[in-house]
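Visitor: Below is the structure I would like to discuss, written out as structure tokens.
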Amino acid sequence: MNNTQFGFNPDYEEEAITLDQLNKLPGNAILEFGTAWCGHCQAASSAIKEVLSEHPELPHIKIADGKGKVLGRAFKVKLWPTLIYLHDGTEVARLVRPLQSNEVRDFISKTA
């Protein structure tokens with residue numbers, strides 16, 4: 001489960017963490033659902049990276065999503081990238097397809 005390291009995680013992980021593990025996460029964390037080949041994910045990557053580098057205290061967990069992926073279905077992810085802010089394993093907020101760093105920054109500031 002190396003994906004739970006603090007800071008920005010550059011890679012989408014294939015089922016590196018389970019729903020049960022996510023539900024038991026203490027404190028705050030950011031989930032990012034998407035794929036490496038997704039154009040929207042690539043477009044959002046620099047904005048997400050910029051803002052999350054300002055918040056090294058937030059674990060950033062990138063989860064590869066797609067047809068049949070358990071975590072994406074559990075969180076009802078429809079579009080990529082989708083950022084989900086967790087507090088003690090519970091979803092507090094989500095942001096879908098951000099393009100600019102100010103969108104991600106506003107998302108983080110409203111939930112922190």
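Visitor: Under a GNM of the chain (C-alpha, springs under 10 Å), which listed residue has the highest mean-square fluctuation: LEU25, LEU58, LEU86?
Guide: In this elastic network of the chain, the residue with the biggest mean-square fluctuation among LEU25, LEU58, LEU86 is LEU25.
Visitor: What is the distance in Å between the Cα centroid of the range 15-49 and that of the range 56-112?
Guide: 6 Å
Visitor: Assuming a viscosity of 1.306 mPa s and a temperature of 10 °C, what translational diffusion coefficient in µm² per second does Stokes-Einstein assign to the chain, Rh being the Kirkwood radius over Cα pairs?
Guide: In µm²/s, the coefficient is 117.
Visitor: Quick check: pseudo-label points 7 Å beyond the Cα along Cα→Cβ at THR90 and LYS69, how many nm apart are they?
Guide: 2.6 nm
Visitor: For a quick check of your reading of the filter: which trypsin sites (Lys or Arg not before Pro) in the range 45-102 sit in a DSSP loop and have no more than 15 other Cβ atoms within 10 Å?
Guide: Filter output for the range 45-102: LYS67, LYS76, LYS78.
Visitor: With both partners inside the range 28-111, how many of the DSSP beta bridges are antiparallel, as a percent to the nearest 5?
Guide: 70 percent
Visitor: Restrict the search to the range 20-87; then list the GluC sites (Glu not before Pro) that DSSP places in a loop and that have at most 14 other Cβ atoms within 10 Å of their Cβ.
Guide: Passing both the DSSP loop test and the Cβ count: GLU54, GLU57.
Visitor: Can you work out the FRET efficiency for the pair THR18 and ALA43, with r the C-beta to C-beta distance and R0 = 25 Å, to the nearest 0.05?
Guide: FRET efficiency, THR18 to ALA43: 0.30.
Computed from the coordinates by the stated procedures, all read-outs in this text should not be read as laboratory data. Keep in mind the model is a prediction, meaning the values are calculated, not measured. Cβ atoms come from the backbone with ideal geometry, glycine included; neighbour counts cover every protein chain shown.
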